[in-house]
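Here's the structure we're looking at; comments come further down.
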Amino acid sequence: MQERYLPTVVEKLAHANWDARDAYRVTEGALNASGQPKPKFYACSMLPYPSGKLHMGHVRNYTINDMMARQLRMRGYNVLMPMGWDAFGMPAENAAIKSKVPPAKWTYDNIAYMKKQMKAMGLAIDWSREMCACDPAYYKWNQWLFLKMLDKGIAYRKTQVVNWDPVDNTVLANEQVVDGRGWRSGALVEKREIPGYYLRITDYASELLEQVQNGLEGWPDRVRAMQENWIGKSEGVRFAFPHTIKDSKGELIQDGRMYVFTTRADTVMGVTFCAVAPEHPIAQHAAQSNPALAAFIEQCKQGGTTEAELATREKEGLDTGLFVTHPLTGQAIPVWVGNYVLMSYGDGAVMGVPAHDERDFAFANKYGIAIKQVVQVGDKPFDDKVWHESYADKQTGRLIQSGKYDGLSFTQAIEAIATELESLGLGQRQTTWRLRDWGISRQRYWGTPIPIIHCDACGAVPVPEKDLPVVLPEDLIPDGSGNPLAKHAAFLQCKCPSCGKDARRETDTMDTFVDSSWYFMRYTSPGNDHAMVDARNDYWMPMDQYIGGIEHAVMHLLYARFWTRVMRDLGLVKFDEPFTKLLCQGMVLNHIYSAKNAKGGIEYFWPEEVENTYDAKGAITGARLKSDGREITYGGVGTMSKSKNNGVDPQSLIDTQGADTARLFVMFTSPPEQTLEWSDSGVEGSNRFLRRLWSLCVQKKDLVEAGLKAKISDWTDAPKEVKQLRFEIHALLKQADYDYQRIQYNTVVSACMKMLNAIDDAQLGDSKFAQGATAETIGILLRVLYPVVPHITWQLWAELGYDKPYGDLLDAPWPTVDESALITDKVELVLQVNGKLRGSLSVAREATREQIEQLATNHEAVARNLEGRPPKRVIVVPGKLVNVVG
């Protein structure tokens with residue numbers, strides 16, 4: 001056995017052994033030693049984008065998954081931990097433009113390197129199930145299911161106003177627009193009308209919401225809340241403002257009715273204006289004779305359409321000079337065009353009630369529009385210049401200035417006004433949803449081809465199923481001038497499947513969220529060229545534990561839930577929800593240092609280039625460069641990022657201190673769901689712990705070997721030192737068992753550190769009981785620690801001879817708590833004086849109440865705190881505490 005811990009040697013030996021016997025290949029229906037089926041457990045991490053290198057966030061995510069998989073395998077479960085690649089998308093195209101190599105080559109090279117890094121981490125991945133989104137064998141089934149959805153009417157084509165990125169030349173989802181700019185290019189986003197394919201996720205809105213509200217018990221509350229908010233169910237009234245506005249042909253626009261939707265029908269009598277989207281037919285009509293309005297509408301095309309972006313955008317508008325009629329009062333209501341109104345939400349028009357909506361209040365004050373109060377809350381006077389939250393109160397207010405509705409409460413007014421609008425044939429009660437159908441068409445090359453052929457005679461024709469997959473050519477190099485598929489004759493030109501005439505393929509490709517909406521099910525059915533999923537999927541799904549970042553709490557998870565339901569309705573799966581439990585791991589943070597450069601830009605520096613300055617409490621107050629002493633700005637801690645030079649290369653850490661050091665640090669430093677702050681000293685501490693573990697095992701090797709042969713089962717006559725060590729170790733094992741179940745892996749590591757200290761500190765001698773206790777306790781420590789640091793523990797397990805009685809560590813039985821070891825001769829009681837904690841009292845387990853009282857009154861802490869006064873009484877709570885009252 002090596003005297004020193006050499007992580008490179010240890011990890012190389014472990015990997016060679018695991019690879020040689022394909023240790024992590026999993027099969028369905030695996031049996032235990034008794035011939036009974038093992039319970040299955042499917043634990044999966046969100047698949048990575050192959051950007052080139054793993055980052056510490058990956059290391060943390062996958063180590064959480066790996067710990068779970070390894071521990072449950074030892075507990076007798078048949079555990080699946082797969083891995084794949086979210087390989088399509090714009091980053092590959094951007095890299096191709098920069099390096100002038102095809103996205104395919106860039107992607108495959110990155111996958112090879114990242115896979116090598118994952119193997120270096122020692123992850124228990126079944127690589128036989130590996131999938132890659134850009135593999136035709138995978139995306140064939142994206143195309144196949146799309147055609148099934150098209151046949152069922154779930155997929156459809158329409159023209160709609162979209163977010164257009166003029167640099168990437170692609171449509172962006174609302175969530176891909178940040179502060180009015182494309183999330184990748186940073187270009188100002190425009191609004192354009194463009195045809196594309198959509199999936200009717202709204203058909204499933206009610207079911208998706210119901211399960212969020214009444215199911216998904218294994219999901220974090222905040223993720224459920226985010227899903228509920230995004231689906232956004234609203235109960236209200238859709239009603240019309242009649243009008244006589246005619247188009248250039250002399251026909252009434254929208255049949256003379258401008259519809260709006262409101263959840264505050266009680267405030268209808270306070271409408272003083274209406275606002276329409278720039279794309280609304282009334283706005284377009286008005287702009288034909290109003291150059292200023294036409295210019296404003298053109299200006300509105302800049303910027304995104306996300307609700308977050310709209311909330312922060314300066315609210316601007318322009319009066320059209322046109323009027324609609326209030327449906328209840330007959331009053332003429334001016335129509336404005338507002339940059340905050342979306343054509344894609346509702347009917348593209350909103351009613352303006354400035355007195356009771358903060359946004360409308362600001363808009364009305366900005367443009368001098370009348371403000372009419374129609375709800376009174378309490379006795380507070382109304383100020384039409386200063387907004388108060390009470391103006392929007394709908395629970396305690398009563399209607400005023402509303403004619404026959406005066407005095408009604410919110411609920412009463414809603415009922416009465418909705419009823420009257422319905423009786424007039426101008427409105428009806430309606431449920432609306434924030435959720436919109438999912439537009440999947442992307443005007444880019446590197447994605448799943450949409451399997452449609454365009455024929456001048458037949459129109460849009462689905463590709464026959466026998467011709468799938470429509471294979472994406474992998475040798476094209478984007479140049480930034482649009483989709484290269486549109487210029488690639490070999491792909492573009494084809495024959496119409498219906499009439500046989502010359503036709504052209506659809507050049508739009510699918511949103512990459514399609515790829516990630518079902519990949520976790522393809523893991524269960526690898527190699528099946530004839531079906532999307534098969535009976536193996538029924539064995540593994542639903543997934544038992546899903547692990548990933550909170551940034552995917554809305555789009556990815558919602559789309560995956562929708563996709564699963566579509567597969568269910570097509571008879572492909574037998575369940576509703578794909579993920580039973582969800583864990584959102586915290587981000588990895590590191591210090592950020594920067595300074596302005598000569599051109600006014602910001603230059604970031606690596607932490608190792610910097611020397612910190614500290615205050616008296618040890619907090620960082622500033623920093624200077626080591627190279628020239630120049631003072632720079634300390635920006636606190638933030639998410640690790642290449643752009644901010646505060647990332648840590650996992651490979652460098654693995655090469656210098658070993659994968660186990662990296663794994664131990666990211667698991668020990670904070671609970672999995674909380675953020676983790678990087679610390680070089682913490683990394684060194686983790687490595688130091690592993691060196692101590694190795695040294696301890698070297699020192700105790702002879703005792704362990706003798707103890708394994710002794711096979712002690714009765715510890716009745718063991719010395720007190722042995723009993724004390726066994727008590728400590730089994731108590732820590734009990735806590736670790738609990739912490740494994742609740743995924744609090746940082747406290748599992750803490751328990752292991754305490755175990756090591758207890759074993760190292762114990763003075764047991766070399767008796768038979770000392771040998772047995774040493775073998776037992778080190779065996780427990782290695783098994784509890786193994787899921788965290790599998791390489792070193794696997795090597796030590798074999799070196800010390802544990803593999804002979806227990807088998808290889810990967811499948812060794814999980815240690816069980818010996819409850820008899822937790823029964824001690826002494827009991828520690830909390831000692832209080834007048835109800836305040838003053839220490840502890842060690843008493844014999846069989847001590848009588850009188851003996852406990854006597855020991856307590858004679859305790860030094862009691863005498864000191866009572867200042868010599870005799871106690872008035874002594875309260876004893878058996879097994880817990882004693883309180884001396886004086």
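Calculate the length of the line joining the C-alpha centroid of region 806-847 to that of region 224-275, in whole Å.
A separation of 68 Å, based on Cα centres.
With r as the distance between the Cβ atoms of residue 214 and residue 16 and R0 = 35 Å, compute the FRET efficiency 1/(1 + (r/R0)^6) and round to 0.05.
0.10
In debye, nearest 20: dipole of the chain around its Cα centre with unit charges on the Cβ of K, R (+) and D, E (-)? Intermediate values should be presented prior to the final figure.
Details: 100 positive and 109 negative charges, 136 e Å.
For the chain, the charge dipole is close to 660 debye.
Using θ = phi - 60° and the Karplus form 6.51 cos²θ - 1.76 cosθ + 1.60, what ³J(HN,Hα) does each residue of region 458-474 get, whole Hz, x for Gly and Pro?
3J(HN,Hα) across region 458-474, in whole Hz: 9, x, 7, 10, x, 5, x, 4, 5, 9, 7, x, 6, 7, 7, x, 9.
Just the Cα atoms of region 687-766, one point each, no solvent: what log10 I(q)/I(0) does Debye give at q = 0.13, 0.16 Å⁻¹?
The computed values of log10 I(q)/I(0) come out as -0.49, -0.73.
Once each part is reduced to its C-alpha centroid, what is the distance from region 866-883 to region 525-574 in angstrom?
62 Å
Kindly provide the helix-only [θ] at 222 nm of the chain, computed as the sum of -39,500 (n - 2.57) over DSSP H runs of four or more divided by all residues, to the nearest 500 deg cm²/dmol? Could you put the intermediate results ahead of the total?
Working: 27 runs with 315 residues, N = 886.
So the helix-based figure for the chain works out to -11000 deg cm²/dmol.
Taking a threshold of 30 Å on the Cα-Cα distance, which of the pairs 115/644; 40/119; 119/596 fall above it?
Details: 115/644 25 Å; 40/119 24 Å; 119/596 40 Å.
Table pairs above 30 Å Cα-Cα are 119/596.
Residues of region 628-654 with amide nitrogen under 19 Å from the 7 Å Cα-to-Cβ point of residue 98?
640-650
Based on Cα positions only, what radius of gyration and what Dmax would you give for region 594-673, in angstroms?
15.3, 44
If I take every Cα pair under 8 Å that is 6 or more residues apart in the chain, average their sequence separation and divide by the length, what percent do I get for the relative contact order?
About 13 percent, as a whole number.
Using a 10 Å cut-off around each Cβ, can you sort 738, 42 from fewest to most neighbouring Cβ atoms?
Ordered by Cβ neighbours within 10 Å, fewest first: 738, 42.
Within 13 Å, Cβ to Cβ, of residue 402, how many net charges do the neighbouring residues add up to if Lys/Arg are +1 and Asp/Glu are -1?
My count for the surroundings of residue 402 gives +1.
Quick one: what Rg and Dmax do you get for region 148-211 from the alpha carbons, in Å?
My reading of the Cα-based Rg and Dmax gives 14.5, 40 Å.
Using 0.36 nm per residue of separation minus the Cα-Cα distance, give me the extension gain between residue 651 and residue 2 in nm, one decimal. Before the final figure, lay out the partial values.
Numbers: separation 649, 0.36 × 649 = 233.64 nm, distance 2.47 nm.
Fully extending the segment from residue 651 to residue 2 adds 231.2 nm.
Give me D for region 233-433 in µm² s⁻¹, whole number, from Stokes-Einstein with Rh from the Kirkwood sum over alpha-carbon pairs, 25 °C and 0.890 mPa s.
141 µm²/s
So how much slack lies between residue 423 and residue 742, counting 0.36 nm per residue of separation and subtracting their Cα-Cα distance, in nm?
In short, 109.1 nm is gained.
On the first, second and third principal axes, largest extent first, how far apart are the outermost C-alpha atoms of the chain in Å?
Computed over the chain, the largest-to-smallest principal extents equal 107, 81, 67 Å.
How many angstrom lie between the C-alpha centres of region 734-777 and region 611-671?
Measuring centre to centre over Cα atoms gives 32 Å.
Quick one: give the max-minus-min coordinate of the C-alpha atoms of region 18-117 along each principal axis, largest first, in Å.
Principal extents (largest minus smallest coordinate, Cα): 59, 23, 23 Å.
Note the angle between two axes, namely the Cα long axis of helix 720-741 and the longest principal axis of the Cα atoms of the chain, as a number of degrees from 0 to 90, rounded to the nearest 10.
Taking Cα atoms only, the helix is inclined about 10 degrees.
Under a cut-off of 21 Å between alpha-carbon atoms, report the lysines in cross-link reach of residue 372, not counting same-chain residues fewer than 8 places apart.
Counting by Cα, and skipping residues close in sequence, residue 372 has these lysines nearby: 315, 380, 385, 394, 404.
Report the Stokes-Einstein translational diffusion coefficient (µm² s⁻¹, integer) for region 104-163, Rh taken as the Kirkwood radius over Cα pairs, at 25 °C with viscosity 0.890 mPa s.
Diffusion coefficient, whole number: 165 µm²/s.
With N set to the residue count of region 826-885, report its C-alpha Rg divided by 2.2 N^0.38 Å to two decimal places.
Cα Rg divided by the expected 2.2 N^0.38 Å: 0.98.
For region 180-337, what number results from the quotient of the Cα radius of gyration and 2.2 N^0.38 Å?
Cα Rg divided by the expected 2.2 N^0.38 Å: 1.28.
Using a Cα-Cα cut-off of under 24 Å, which lysines could be cross-linked to residue 709, ignoring same-chain neighbours fewer than 8 residues away?
Reachable lysines: 700, 701, 720, 723, 768, 804.
How would region 483-628 be classified by its alpha-carbon gyration tensor: rounded, prolate or oblate, with rounded meaning a/c under 1.5 and the a/b versus b/c comparison settling the rest?
It is oblate, given that a/c is not under 1.5 and a/b is not larger than b/c.
I need the calculated FRET efficiency for the pair residue 674 and residue 709, taking r as the beta carbon distance and R₀ as 35 Å, to the nearest 0.05.
On the way: r = 45 Å, r/R0 = 1.29.
Once the sixth-power term is evaluated, E becomes 0.20.
Would you mind calculating the relative contact order of region 625-778 from Cα pairs under 8 angstrom and at least 6 residues apart, reporting the percent as a whole number?
Computed value for region 625-778: 29 percent relative contact order.
A short reminder: the numbers here are calculations on the coordinates, not readings from a lab. None of the values given here were measured: they were computed from a predicted structure. Neighbour counts run over all protein chains shown; Cβ positions are idealised from the backbone, glycine included.
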